[in-house]
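Before any comments, here is the structure.
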Amino acid sequence: MEDERIQPGMPALDRQAVRSPVMPAGSAPHPGSAPQFAAGAGAPPSLAQRAVLPPSLAGLPPRSVPETKPTPLQKHYVLLSAPALVLGAVAITALEMGAPLGDPLVKGCVLIAAPLLAVANADAIVRIWRSAWAWMPVDRTKGIFRLAWVAVAVLLYALLLGAAWLVLSA
């Protein structure tokens, strides 16, 4: 995969290997415990590799899970969000200086920024959703926590659409 952000001399960083949990026959996972992983690619570090880990991390459950299917707009998130941030600041400043909600400057800012922010946030919601389900087999608590963030993100998305409609209909 070509990445235009890579500069000469930068190390190539590949995605993490996907680990598949394997439970011994006849055993049930203990709530809150990390699953055992199959040997081979993606297996937890061997004893020799564990010596490289700091003692504070040795034997702990995974701190992250690999992202196996990135969203199409992932690398464009900042490019979509930055103009929306600037236009939002301009619109809020205009409102604070006394411009009415129906002012052409405010409407123009919202007309340009709202679709950009809507697309970027929809992409973020998909990423959080996928992250939640990727964590479920590894650490159910972390997966449920991410599902709570999906609910919050959907609520904020609805508020974004409502605010944009309010300004554009004024």
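The values are calculated or read from the model by the stated rules, or taken from the named source; none is laboratory data. It should be emphasised that the depicted structure is a prediction, and the values quoted were computed from it without experimental measurement. Note: ideal-geometry Cβ built from the backbone for every residue, glycine included; neighbour counts use all protein chains shown.
For the reader, a short list of remarks on this structure follows.
- Residue under evaluation Asp123, criteria (1) within 13 Å of the chain's Cα centre (by Cα); (2) farther than 17 Å from Pro70 by Cβ, criterion not met: (2)
- Residue among Pro104, Pro115, Pro137 that alone is in contact with a strand residue (DSSP E or B) (Cβ under 6 Å, 6 or more places away or on another chain) and exposed (fewer than 15 other Cβ atoms within 10 Å of the Cβ): Pro137
- Pairs, first without any contact (Cβ under 8 Å) to a residue 24 or more places away in the chain and under 15 Å from Val152 (Cα atoms) in the range 101-127, second part of a helix (DSSP H, G or I) and of a type in the set (A, V, I, L, M, F, W, C), C-beta under 9 Å, six or more apart: none
- Criterion: more than 30 Å from Arg5 (Cβ to Cβ), free of Cβ contacts under 8 Å to residues at least 40 places away in the same chain and surrounded by 14 or more Cβ atoms within 10 Å (Cβ to Cβ) - qualifying residue of Ala94, Ala132: Ala94
- When Ser56 is tested against (1) modelled with pLDDT under 80; (2) among the polar types (S, T, N, Q); (3) outside any loop (DSSP other than H, G, I, E, B), only condition (3) is not met.
- Qualifying residue in the range 145-162 (condition: touching a helix residue (DSSP H, G or I) at 6+ places or on another chain (Cβ under 8 Å), in contact (Cβ under 8 Å) with a residue 24 or more places away in the chain, within 28 Å of Arg5 (Cβ to Cβ) and part of a loop (DSSP other than H, G, I, E, B)): no
- Qualifying residue in the range 132-140 (condition: modelled with pLDDT under 95, in contact with a Leu (Cβ under 9 Å, 6 or more places away or on another chain) and under 18 Å from Thr71 (Cα atoms)): yes
- When the range 59-83 is limited to residues that are closer than 16 Å to Asn121 by Cβ and assigned to a loop (DSSP other than H, G, I, E, B), the one that is nearest to the chain's Cα centre (by Cα) turns out to be Thr71.
- Against the list (1) assigned to a loop (DSSP other than H, G, I, E, B); (2) touching a helix residue (DSSP H, G or I) at 6+ places or on another chain (Cβ under 9 Å), the condition Val138 fails is (2).
- Filter pass, Val86 being touching a Cys at 6+ places or on another chain (Cβ under 8 Å), among the β-branched types (Val, Ile, Thr) and either assigned to a helix (DSSP H, G or I) or closer than 24 Å to Glu67 by Cα (or both): no
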